[in-house]
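The numbers here are math on the coordinates, done by the rules we state, and not lab data. These figures come from a predicted structure and were not determined experimentally. Here the Cβ positions follow ideal geometry from the backbone for every residue, glycine too, while neighbour counts run over all protein chains shown.
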Amino acid sequence: MQRTLGVCYYPEHWPEARWADDASRMAGLGLTHVRIGEFAWSRLEPRRGQFEFDWLARAIDTLHAAGLKVVLGTPTATPPKWLVDEMPDMLPVGADGAVRGFGSRRHYDFSHQGYLEESKRITLKLAKAFGAHPGVTAWQTDNEYDCHGTTLSYSPAARAGFQAWLQRKYQSPDALNRAWGNVFWSMEISDFSEIGLPNLTVTEPNPAHVMDFRRYASEMVVRFNRAQADIIRAHSPGRDVIHNFMGRTLAFDHFDVGRDLDISSWDSYPLGFLEDRSDQGDDWKRRFVRAGDPDFQAFHHDLYRATSKGRWWVMEQQPGPVNWAPHNPAPRDGMVRLWSWEAFAHGAETVSYFRWRQAPFAQEQMHAGLLRPDSTEAEGFAEAAQVARELRALDGTLDESAGRADAAIVFDYPSAWAWEIQPQGHEFDYFRLVFDFYRSLRRLGLSVDIVPASAPELDGYPMALIPGLFAWTPELIEAIRGFQGQLLIGPRSGSKTDDFAIPDTLPPALQKDLLDLRVSRVESLRADTPVPISGGGTFQFWREFLEAGADVETVLSAEDGVPGLAKQGFLHYLGGWPDPELMRIVLQRLAADAGLKTRDLPDGVRLRRHGLHVFAFNYGETSFDLAELGWTGEPVLGARVLQPSGVAIVAVAGAGS
């Protein structure tokens, strides 16, 4: 695999006289790919049927002449004003019932059939015009699905589409009433046309109703993306189809969208995410204010690699301060390089920086690029150039047989929807729960893969974790039965049926030959009332009362004697949300049973095994000597003493691992 760099570029923002110089500078920097066009509909079709593609053709020709490969975006994230005026009901409606208007981006409703057809129309025009162009080597569909909370719309189009979806699923109102438990609070309906959307109710709506709406909304995203992907493949054969996902965005099932992609990508903004999307406290944020969370980017690298079965990119990599977080600090020197190499450590084919030149106008004028608005080099430029030089120097020397990681975590988007719908405790958040397990594995020096609950491939992993799973899938039960490693389940896994009801046998609803255990009741805990566990650590936020059968061993107990960690054969069940100390105790125990070597890494130091090499990264502000890990050989990249923002690549044979 050739690792490459890219950049996002907007030729429509700049005088055409600059394009050739920009292209030459990009190639000279060592960039390979350039993404263009994803917001350009008003320039491509200023009036209905008046297509002005000549400028785009010249831009593609210019980039191609410089030896650059173009990723062409479909412009459907920014429908033009004339189209909104033609069909104003295409605008999305918020949960508050207010129409979300024109004037920014993502102002469309996934359920709107008319807009779907318009999106197909402009995609077809572009695919026919540029699908065979030798400079176009890949396509990006739309841009950042669900950005600004746009998956869920409460419009008339969504209501009509949801009613039709429910009729196909349930066939009869009686079947729906039974599945949803509509006898409760006299919610029964006699016709599908009576069903509204789950917003603007006096108190919380029926969770089964909300869950089906979330499923429907996710399917609308899949439908929208698939329509474009099918057109591109028909008229631009041999080119990869890509979409750029975002961080901690859970409103639609990315695995379902990923099945229609050749490459999943995501937009990585470590400093913005630390400010905007982290559950860690202020002390943590201050420590990593210029580096980003040491695990957040890695988690998404592993997640999105899984959505398209291994092929993935970073489509937008932060190169400097952003404009959208509560605070927007500048990266510490060396971090742009570190973030780039960390993506490659997790298997990225391409890291693409956002953007080439900082815009001096409109909403993103405070967002840094590789160039300043006056075209002088910004700080990120030199770090991107360094990565490009290092890639050339290491070309062909890094092993590409990545293989399986030490541990697998099962991730499930419907579980995220379920615990958002009915959290039962203020702090209960599915992403946060899974991420806590992921972070703890990384602190132990382990590499992690993420697998979907809908198609779990657990064979070959010494260790696997299933935290917080809403409802079992047949595929996952089958995978558990065939699993040969150490398996940890819980908390809250299997606590509902697909219809959002408590199972008749009580959670975790596994067959007794797998786990003869049931959860008799649960409690959610204030952050300041944790439950101590024997051996150290506590349950925080969530605790279950377990009743174990004769074949179940109690490994750890709560202070009141209730089992906290139970074991039957290779399968372990954890009856609460562990704090960091308990998490470390439990995962170290499982790793030892699985034959895995663990390490106690500092907060800011992280490792990732890739093939015959281990990559080391230092997010912290103090140096770290890799000799503390027993590594005495000289790295193939970097130095043995890992300075702040440092990167090192060590051959496994010399790593003692």
Task: the chain - share of DSSP beta bridges that are antiparallel (%, nearest 5) - done: 45
- [ ] Show the residues, 5+ positions off or on another chain, whose built amide H is closer than 5 Å to the amide H of residue 471.
- [x] 494
TODO: Please turn the phi angles of segment 486-502 into ³J(HN,Hα) values with the Karplus equation 6.51 cos²θ - 1.76 cosθ + 1.60 (θ = phi - 60°), one per residue in order, whole Hz, x for glycine and proline.
DONE: 9, 10, 10, 10, x, x, 6, 6, x, 8, 9, 8, 4, 8, 6, 10, 5
- [ ] Would you be so kind as to identify which of 455, 488, 414 lies farthest towards the positive end of the dipole of segment 400-547, taking Lys and Arg as +1 and Asp and Glu as -1 on Cβ and the Cα centre as origin?
- [x] 488
Open item on the list: Between residue 625 and residue 554, what's the calculated FRET efficiency when r is the beta-carbon distance and R0 is 41 Å? Round to 0.05.
Closed with: 0.50
Task: Gain in span if fully extended, residue 588 to residue 96, counting 0.36 nm per residue against the direct Cα distance - done: 172.5 nm
TODO: Taking 7 Å along the Cα-to-C-beta vector as the label spot, tell me the residue 502-residue 372 distance in nanometres, rounded to one decimal.
DONE: 6.4
TODO: Name the residue farthest towards the positive end of the dipole of the chain from the options 428, 93, 548, assuming +1 on Cβ of Lys and Arg, -1 on Cβ of Asp and Glu, about the Cα centre.
DONE: 93
Task: Taking the chain and dividing mean pair separation by its residue count, relative contact order in percent (alpha carbons under 8 Å, at least six apart) - done: 10
Open item on the list: Using a Cα-Cα cut-off of under 28 Å, which lysines could be cross-linked to residue 309, ignoring same-chain neighbours fewer than 8 residues away?
Closed with: 69, 120, 597
Open item on the list: Within a 10 angstrom radius of the beta carbon, how do 567, 69 rank from fewest other beta carbons to most?
Closed with: 69, 567
Task: Read-out mean projected area of the Cα convex hull in nm², derived from the coordinates shown; its label in [x] 32.3; [y] 28.7; [z] 35.0 - done: [y]
Task: For segment 63-91 and segment 130-146, distance of Cα centres in Å - done: 11
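Taking only DSSP H segments of four or more residues, each worth -39500 (n - 2.57), what value at 222 nm results for the chain once the sum is divided by all its residues, to the nearest 500 deg cm²/dmol?
That calculation yields -10000 deg cm²/dmol at 222 nm.
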Open item on the list: To make sure I understand, if each residue's beta carbon is the centre and we count other beta carbons within 10 Å, what order do 235, 254, 346, 327 fall in, fewest to most?
Closed with: 327, 235, 346, 254
Open item on the list: Let me see the P(r) profile for segment 236-388: every Cα-Cα distance counted, bins of 10 Å, each bin given as a percent of all pairs.
Closed with: 11, 39, 35, 14, 1, 0
Task: Student exercise, the chain dipole from Lys, Arg, Asp, Glu Cβ charges, in Debye to nearest 20 - done: 1280
- [ ] For each of 315, 335, count neighbouring Cβ atoms within 10 Å of the residue's Cβ, then give the residues from fewest to most.
- [x] 335, 315
Open item on the list: Straight-line reach from residue 125: which lysines fall under 20 Å, measuring Cα to Cα and dropping same-chain residues less than 8 apart?
Closed with: 81
TODO: Multiply the residue separation of residue 133 and residue 361 by 0.36 nm, subtract the distance between their alpha-carbon atoms, and state the gained length in nm to one decimal.
DONE: 78.9 nm
TODO: Grab the Cα-Cα distance for residue 424 and residue 148, subtract it from 0.36 nm times how many residues apart they are, and report the gain in nm with one decimal.
DONE: 96.8 nm
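Kindly identify segment 177-281 as rounded, prolate or oblate by the Cα gyration tensor criterion: order the square roots of the eigenvalues as a ≥ b ≥ c, call it rounded if a/c is under 1.5, otherwise compare a/b with b/c, prolate if a/b is larger, else oblate.
Oblate, since a/c reaches 1.5 and b/c is not below a/b.
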TODO: For residue 169, go through the lysines and keep the ones whose alpha-carbon is under 25 Å away, minus same-chain ones fewer than eight residues off.
DONE: 496
Task: Separation between Cα centres of segment 246-283 and segment 375-448, rounded to whole Å - done: 10
Open item on the list: Give the separation of the Cα centroids, segment 98-128 to segment 468-537, in Å.
Closed with: 42
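Apply 1/(1 + (r/R0)^6) to the Cβ-Cβ distance of residue 204 and residue 12, taking R0 = 41 Å, and write down the FRET efficiency to the nearest 0.05.
So the FRET efficiency works out to roughly 0.35.
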